[in-house]
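First up is the structure itself, then whatever we jot down about it.
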Amino acid sequence: MVFIYHCQIELHDSLYYATREIGRLYETEPIIHNYALCYALGLVDSQIYSTTVAEEHSYRYFCPEQVPKYEEHLTPLNQQEIYVTPARSLNHCSILNTWKYANNNYHVEMEKTQKNIPSFGRAKEIAAESRFEFFVISQKELKLPKWIRLGKWMSKAEVTVEPLPKPKIAEGIFTCTHPLNPLDVMFTNQVISYDVVNMPPVSLIQNVKMQGQYYQFDGIQNLKIPVRIEYRFRS
């Protein structure tokens, strides 16, 4: 039996991550990648959700290197049939912050720098009280955390979870207005058209017209979620 949860996030701090860099402006797109949500919700390398990974890829206590291991970390979620969609904005505001690097040494020799490090810049962040929504699909009931942290500043956010009614499965051409990870749907569905949201590590797509099986819900119009969806890491 499939369980689908409608989740909403309300930011209690400003949210920052560099979706794109325009000169010295570092901009945060009002969309949260599904990879980031998996880590923030504590679904990765978890004994609670039976998603522990091999010791050399362990994430729970210490990361010996700052190298993403999405395939090693998210494959156990496929095995447990847990999937998290990206989150889109329900309402948000942006704020601009200026930052500067300062050298506090008492004595500095004026030498030519060996690294291309910016000394100042501006960050466009998502303001507190902004709200996002996403969905969690699982083959068993899940208890998700009420509080999570997101972004470069580990911003505090509140999560509310609402179980959706039992879905019905239909098949045909449909439009999913919610953002999707293209790698996760393109091999199991025929993607016809979409809008691209450029962001690392994998650009997302939204307003996706596609053909395949999808979930629909009584009393909830315009909500259609692909059935055959799982984490994939190679195109």
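The values are calculated or read from the model by the stated rules, or taken from the named source; none is laboratory data. The model shown is predicted, which means the values in this text are computed figures rather than measured ones. Note: ideal-geometry Cβ built from the backbone for every residue, glycine included; neighbour counts use all protein chains shown. Ligands, DNA and RNA are stripped out before the accessible areas are found, and what is left, the full protein with its side chains, is counted by its heavy atoms. Shrake-Rupley method; radii C 1.70, N 1.55, O 1.52, S 1.80 Å.
May I ask you to order 4-15, 43-54, 19-30 by the average number of other C-beta atoms within 10 Å around their residues, highest value first? Working shown, then result.
Working: 4-15: 18.7, 43-54: 16.8, 19-30: 15.0.
Packing order, densest peptide first, comes out as 4-15, 43-54, 19-30.
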Checklist outcome for this item: Rounded to whole Å², per residue accessible area for the chain with a 1.4 Å probe reads 59 Å²
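Would you mind working out the magnitude of the charge dipole of the chain relative to its Cα centre, with +1 at each Lys and Arg C-beta and -1 at each Asp and Glu C-beta, to the nearest 20 Debye?
Details: 24 positive and 25 negative charges, 66 e Å.
Magnitude of the dipole: close to 320 debye.
Val196: net charge of surrounding residues, Cβ under 13 Å, Lys/Arg +1, Asp/Glu -1, itself excluded?
On the way: positive: Arg20; negative: Glu29, Asp195.
Neighbour charge sum, excluding Val196 itself: -1.
Accessible area of the chain with a 1.4 Å probe: how many percent of it is carbon plus sulfur?
Values: 6620 of 13860 Å².
Summing carbon and sulfur atoms, their accessible area is 48 percent of the total for the chain.
Can you count the Lys pairs in the chain whose Cα atoms are under 15 Å apart, with each pair 8 or more apart or on different chains? Mind dumping the intermediate values first?
On the way: Lys100/Lys124; Lys124/Lys152; Lys140/Lys166; Lys146/Lys156; Lys166/Lys224; Lys168/Lys224; Lys209/Lys224.
Counting lysine pairs in the chain gives 7.
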Checklist outcome for this item: Taking placed amide H atoms and a strict 5 Å upper bound, the residues 5 or more places from Asp13 or on another chain that come that close are Glu129, Lys156
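Multiply the residue gap between Leu90 and Thr52 by 0.36 nm, knock off their C-alpha separation, and tell me the result in nm, one decimal place. Provide the component values of the computation, followed by the final result.
Numbers: separation 38, 0.36 × 38 = 13.68 nm, distance 3.27 nm.
Extending this stretch completely gives an extra 10.4 nm.
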Next on the checklist: Suppose only helical runs count, i.e. DSSP H with n ≥ 4. What mean residue ellipticity at 222 nm does that imply for the chain under -39500 (n - 2.57) per run, divided by all residues and rounded to the nearest 500 deg cm²/dmol?
Outcome noted: -2000 deg cm²/dmol
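Give me the net charge of Glu27's neighbourhood, meaning all other residues with Cβ under 15 Å from the Cβ of Glu27; Lys, Arg count +1, Asp, Glu -1. If you can, show how the numbers build up before the last one.
On the way: positive: Arg20, Arg24, Arg122, Lys124, Lys152; negative: Glu21, Glu29, Glu125.
That works out to +2.
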Checklist entry - Based on the Cβ-Cβ distance from Thr98 to Gln8, what FRET efficiency comes out when R0 is 41 Å, to the nearest 0.05? => result 0.85
Item to check | Acute angle (nearest 10 degrees) that the helix 70-79 long axis makes with the longest principal axis of the chain, alpha-carbon atoms | outcome: 20 degrees
Checklist outcome for this item: Around Thr85 (Cβ within 13 Å, Cβ-to-Cβ, excluding Thr85; K/R +1, D/E -1) the net charge comes to -1
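Considering only DSSP states other than H, G, I, E and B, which GluC sites (Glu not before Pro) in the range 120-187 qualify as loop sites with at most 14 other Cβ atoms within 10 Å?
Values: sites: Glu125, Glu129, Glu133, Glu141, Glu158, Glu171; in loops: Glu129, Glu141.
Hits after loop and neighbour filter: Glu129, Glu141.
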